[in-house]
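The structure under discussion appears below in the form of structure tokens.
The values are calculated or read from the model by the stated rules, or taken from the named source; none is laboratory data. It should be emphasised that the depicted structure is a prediction, and the values quoted were computed from it without experimental measurement. Methodologically, a virtual Cβ is constructed for each residue, glycine included, from the backbone with ideal geometry; neighbour enumeration extends over all protein chains shown. SASA here: full protein model, heavy atoms, side chains in, ligands and nucleic acids out. Shrake-Rupley method; radii C 1.70, N 1.55, O 1.52, S 1.80 Å.
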2 protein chains.
Amino acid sequence: MAAAPVWSVDPRTGKQREQVAVEATAQEVDAAVRAAHDARGALTDRTVRAAFLRTAADELEAAKDQLVEAADAETALGPVRLTGELARTCYQLRAFAGIVDEGAFLDVVVNHPDDTATPPIPDLRRYKLPLGVVAVYSASNFPFAFSVAGGDTASALAAGCPVVVKAHPDHPGLSELVAKVLRRAAARHDLPEGVLGLVHGFEAGIELIKHPQVAAAGFTGSIRGGRALFDAAAARPVPIPFHGELGSLNPVVVTEAAAAERGEAIGAGLAGSMTLGVGQFCVKPGLVLAPAGAAGDTLVKSLTDAVSNTDAGVLLDHRMRDNFVAGVAERAGLPDVESPVTPGAGGEHTVSAGFLTVPASRLAQAGEHDLLLEECFGPVTVVARYADEAEVRDVLSRLPGNLTATVQLSDGEAAGEGRGAELVRELTPLAGRVLVNGWPTGVAVAAAQHHGGPYPATTSTSTSVGGTAIERWMRPVAYQAVPEALLPAELQDDNPLGLPRRFNGRLER
Amino acid sequence: MAAAPVWSVDPRTGKQREQVAVEATAQEVDAAVRAAHDARGALTDRTVRAAFLRTAADELEAAKDQLVEAADAETALGPVRLTGELARTCYQLRAFAGIVDEGAFLDVVVNHPDDTATPPIPDLRRYKLPLGVVAVYSASNFPFAFSVAGGDTASALAAGCPVVVKAHPDHPGLSELVAKVLRRAAARHDLPEGVLGLVHGFEAGIELIKHPQVAAAGFTGSIRGGRALFDAAAARPVPIPFHGELGSLNPVVVTEAAAAERGEAIGAGLAGSMTLGVGQFCVKPGLVLAPAGAAGDTLVKSLTDAVSNTDAGVLLDHRMRDNFVAGVAERAGLPDVESPVTPGAGGEHTVSAGFLTVPASRLAQAGEHDLLLEECFGPVTVVARYADEAEVRDVLSRLPGNLTATVQLSDGEAAGEGRGAELVRELTPLAGRVLVNGWPTGVAVAAAQHHGGPYPATTSTSTSVGGTAIERWMRPVAYQAVPEALLPAELQDDNPLGLPRRFNGRLER
């Protein structure tokens, strides 16, 4: 039987560009995982890991023109955005190199014997080890930052875990190119190719999550696909951690005072955020609670003007386009839903941005309008007009978990007047990141970042962006009464590696 | 339909002592979870939480005589052990109070805006929040330390999570008493009763894990029971973290040099560890790799003498006794297995400690002897005699995950000669705690402790003992561009609570 071909497709035309790979058979998945498993030892040295990550960033930058062109041909995201995303990806690789250098992520804790404790404490020393081979399921919408060389891969390699990537079918050609760049960087540090495997194909993705030598997985994608893989990870004879980012509505609450003070600016800001990248962001604001009445009208008017002036755009693939067109039509057809700017099909291969409005009371209890509380991938948002604070509370109480929750406050509320603090408190249980007077699109790579949230935003309590993403790929081990001569350097009393640690209760940094 | 009675049973006679409760109906489970959910806000204040944990320890100590008597009547573990275990439990509650006071577990990270980053970093501040109601499934074998007031409960309350405990049927009367003590302590701090719920019954345990308001679970028990609950937690519409400690063989490797140097002491030490608490410890050494030949013979002789002199003991319940008697008989009946001291039924209600020997070569590949690689709860261990290092490696490669792995080394090996360091490295992937020249029984409560390990030792990478156990019940949240006036005190620039934190990349302690 011939291997199934993997085609690179131009989303601007829907036409196949070229065959760039074949789908991996079960045997090929097994070979990739075994090669990764065999490469574990090569990643033990933190100095080598950090250098590898930095070289990977250098090599990606050196190949920038080729990579951006390849990415644009397969995603239609445009060279400006893609150049920025590649820069972000390189920054991220270097940020994780810095984290590897610092070593705080090893969580070193040393307890000398203490006979006064109940029971007595023997000599105990704890730190964290890499879990093993990590499976990474790439996203469609960030062909660099959440794909082959993205945050999951960077954090796993930083942790010391080899990676096998399941390529996203929307950019298989780019995935091959990026994997080659990473392997070239690995070779510069005498690391085996197996530190970064790449497989194509839906079935290969299933084989991968079931492989006994896969120790953990990262995923960014849809609720349906992510939940299926989560379930498979949990059903294994030996279950493994599955860190999936599945979907998010990203609610925004606009207070009456904020709308009165700067309704026009909020409408314009919202338009920019919801249409950024043709609305294909996990953190796109998908539900906006805006006041009924004149102040809210100003916001809607401004949003109408800005969205009307947005060019039609190309989505990442034609399946997404079909889903978008059908999804917005179904939503627009619900009772009491209006479409000040009708979203839907643009040209033959494009979609037009738009938004819907609905009385918030329609969302306050279960019913057909619940569809508006489900993410609709693409350039659309829903503005729910509320009559009073009780309606806001009712709608918020019905939301599933989110990556972000945002509140637009007036200057006075931001300074502590009125309901500002209360709203921040109310939004906190809903999301992993809470914003005031900003927009959720744009996810900074920082130690304090958290890109995750209550299910279905993520399937775990971890983050896929920012310094702490490395924690997902580690497990602790404690050494009891192990003589100094046999201890790893990380745990020795004199701290030869200069690691931050907790030493006999005292935090040493 | 009458509520199913819950009986307290005397394991020394197998007779029912008294009815102490009834099994919780689905409605009663729901009521307990709702009460816990409503109590979340009351646990927000860290000062109150710490004080509550200390008062709980004080109150448990004040009720010591009554509690130890009740525990002994239901578990037959004896007043000496139980008094020690209660002291450990109180120490643990106070240790978590100290952790709450210090606040490092909140993982505060602050990033001021940084326009030089790619993409630019806005003001971002991250810390951790309690997950919500925690379900705790008590263990049979530690009626204090891994039960109603044990490590799961203490760490969850410390995190700010109300708890609903599923009582273990082997000590339902004690569970009721301890729950009352905890609620009395809660009342002293004006905390609602709902911070600590208690339910009885197998079905109630299933209802509990499925309840939408339960946010996470901790479990200590068997592989079968734990896996069923793990599966239920993963299959929920909204899956939740399930931290289960399921089973462990706890391998011990004795080097040829160690056996030659102190085979007699090792045999005696092993006898003490494997019969402690009538062999009913999760960290009981269940497989010992000892050299064939004279040095190993000395070890076996010493073990024989010590185990022969061990009194028959009462197991926690008659089902366990039946399983033990059947389990050791089945193991002893395997080809090439010998029983220098035959384990099995003692008197009508007791069991006798013993151990089996087998050539290590019998365990080097899959077959009927794999039964010897499964945990057998009770006072029995298996000594596998190896001919060479290759056999040791072969057997180790076949082991499932463990809570602990131990190596007995000679003085020279402990000082760095020979295979000492190599063996420590080889044991590390197998377990969560690695010991040299000690015994795994006795699990200290310390910051550097790790009581967990690769599946099936635990279902997650977390620990159920020691300071970091609190991490299981928290999730991070990041605040973006939230004005100082609306920020929780934990995240304010001037650090009014004096928390350890990472501030603009610098570790402040």
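Per residue, how many Å² of accessible area does segment B:251-436 show with a 1.4 Å probe?
So segment B:251-436 comes to 35 Å² accessible per residue, rounded to a whole number.
Other protein chain C-beta atoms within 10 Å of residue C-beta, averaged over B:485-494: 3. Computed 3J(HN,Hα) for segment A:259-273, one whole-Hz value per residue from the Karplus formula 6.51 cos²θ - 1.76 cosθ + 1.60 where θ = phi - 60°, is 5, 5, 6, 8, x, 5, 5, 5, x, 5, x, 4, 4, x, 6, glycine and proline marked x. Hey, got a sec? Which GluC sites (Glu not before Pro) in segment B:416-509 land in a DSSP loop and have at most 16 other Cβ atoms within 10 Å? Filter output for segment B:416-509: B:Glu417. Relative to the longest principal axis of the Cα atoms of chain A, helix A:172-188 runs at roughly 30 degrees. Across segment B:55-63, rounded Karplus estimates of 3J(HN,Hα) from the backbone phi angles (6.51 cos²θ - 1.76 cosθ + 1.60, θ = phi - 60°) give 5, 4, 4, 4, 5, 5, 5, 5, 9 Hz, Gly and Pro being marked x.
Across peptide A:400-411, how many C-beta atoms of other chains are within 10 Å of each residue C-beta, on average?
The shielding value for this peptide is 1.
Measuring against 27 Å, Cα to Cα, the residue pairs A:Lys15/A:Lys180; B:Lys15/B:Lys210; A:Lys128/B:Lys128; A:Lys180/A:Lys210; B:Lys64/B:Lys166 contain B:Lys15/B:Lys210 as the ones spanning a longer distance. Shielding of peptide B:80-87 by partners, expressed as the average count of other chain Cβ atoms within 10 Å per residue Cβ, is 1.
Ranked from highest to lowest mean number of other Cβ atoms within 10 Å per residue, what is the order of the peptides A:104-117, A:368-381?
A:368-381, A:104-117
Contact order for segment B:401-509, expressed relative to its length and based on alpha carbon pairs under 8 Å spaced 6+ residues apart, stands at 21 percent.
Comparing the full protein assembly with the isolated chain, the residues of segment B:416-465 losing at least 40 square angstrom of accessible surface (1.4 Å probe) are B:Val424, B:Thr428, B:Val434, B:Val436, B:Ala444, B:Ala447, B:Ala448, B:His450, B:Tyr455, B:Thr461. Any chance you could check the Cα centroid distance between segment A:251-268 and segment B:167-194 for me, in angstrom? Taking the Cα centre of each part, segment A:251-268 and segment B:167-194 sit 49 Å apart.
Compute the Cα gyration tensor for chain B, then decide on rounded, prolate or oblate, letting a ≥ b ≥ c be the square roots of its eigenvalues: rounded whenever a/c is under 1.5, prolate when a/b is larger than b/c in the other cases, and oblate in all that remain. Oblate shape, in that a/c is at least 1.5 and b/c is the bigger or equal ratio.
Considering only B:Gly420, B:Leu363, B:Leu276, the residue lying farthest towards the positive end of the dipole of segment B:251-436 is B:Leu276, judged by Cα position with unit charges set on Cβ.
Between the amide H of B:Asn402 and those of B:Ala431, B:Gly432, B:Ala457, distances stay under 5 Å, these residues lying 5 or more places away or on another chain, with hydrogens modeled in the peptide plane.
Taking amide hydrogens as placed 1.01 Å from N in the peptide plane, the amide H of B:Tyr386 sits under 5 Å from those of B:Ala290, B:Ala292, B:Ala360, each at least 5 positions away in sequence or on another chain. When accessible surface is computed with a 1.4 Å probe, chains A and B are found to bury approximately 5800 Å² between them, both chains counted.
When the helices of the protein assembly as shown are scored as -39500 (n - 2.57) per DSSP H run of n ≥ 4 and the total is divided over every residue, the value at 222 nm lands at -11500 deg cm²/dmol. With all protein chains in place and a 1.4 Å probe, the accessible surface of segment B:251-436 carries 49 percent carbon and sulfur.
Residues whose amide H falls under 5 Å from that of A:Arg17, counting only those 5 or more places apart or on a different chain, are A:Ser8, A:Val9, A:Asp10, with hydrogens built in the peptide plane. When the P(r) of segment B:251-436 is calculated, the portion above 28 Å amounts to 18% of the C-alpha pairs.
Of the peptides A:189-199, B:385-395, the ranking by mean beta-carbon count within 10 Å, highest at the top, reads A:189-199, B:385-395. Think of segment A:251-436 as having a plus end and a minus end, set by charges on the Cβ of Lys, Arg, Asp and Glu; of A:Thr406, A:Tyr386, A:Ala290, A:Thr406 sits farthest toward the positive end of this dipole. Computed from phi, the 3J(HN,Hα) profile of segment B:431-446 under the Karplus parametrisation 6.51, -1.76, 1.60 (θ = phi - 60°) reads 8, x, 9, 10, 10, 10, 6, x, 10, x, 5, x, 10, 5, 8, 8 Hz, with x in place of Gly and Pro.
Stokes-Einstein diffusion for segment B:166-316 at 37 °C, viscosity 0.692 mPa s, with a Kirkwood radius from C-alpha pairs, works out to 172 µm²/s. Can you tell me, using C-alpha contacts under 8 Å and at least 6 residues apart, the relative contact order of chain A as a whole percent? Over chain A, the number comes to 18 percent. Given the C-alpha centroids of segment A:394-435 and segment B:3-81, what is the distance between them in whole angstrom? Comparing the Cα centres of segment A:394-435 and segment B:3-81, I get a distance of 38 Å. The packing ranking, built from the mean of other Cβ atoms within 10 Å per residue, places the peptides A:72-85, B:149-162 in the order B:149-162, A:72-85, highest first. List the GluC sites (Glu not before Pro) within segment B:242-319 that DSSP assigns to loop and that have no more than 15 neighbouring Cβ atoms inside 10 Å. Of the GluC sites (Glu not before Pro), not one in the loops of segment B:242-319 has a Cβ with at most 15 other Cβ atoms within 10 Å. Counting only alpha carbon atoms, the long axis of helix B:26-38 and the longest principal axis of chain B meet at about 50°. Against the main long axis of the alpha-carbon atoms of chain A, helix A:318-332 sits at an angle near 40°.
Contact with the other protein chains removes 30 Å² or more of accessible area, compared with the isolated chain and a 1.4 Å probe, from these residues of segment B:105-150: B:Asn111, B:Thr118, B:Pro119, B:Ile121, B:Leu124, B:Arg126. The largest-to-smallest principal axis extents of the Cα set in segment B:335-476 are 54, 48, 30 Å. In segment A:47-91, the portion of solvent-accessible area held by carbon and sulfur atoms comes to 57 percent [1.4 Å probe, whole percent, DNA, RNA and ligands not counted]. Charges were assigned to the Cβ only: +1 to each Lys and Arg, -1 to each Asp and Glu. The resulting dipole of chain B about its Cα centre is roughly 820 debye.
What net charge is computed for the residues neighbouring A:Ala415, neighbours being all others with C-beta under 13 Å from the C-beta of A:Ala415, Lys and Arg scored +1, Asp and Glu -1?
For residues surrounding A:Ala415, the net value is -4.
Sorted from longest to shortest, the spans of the Cα atoms of the protein assembly as shown along the three principal axes equal 90, 63, 53 Å.
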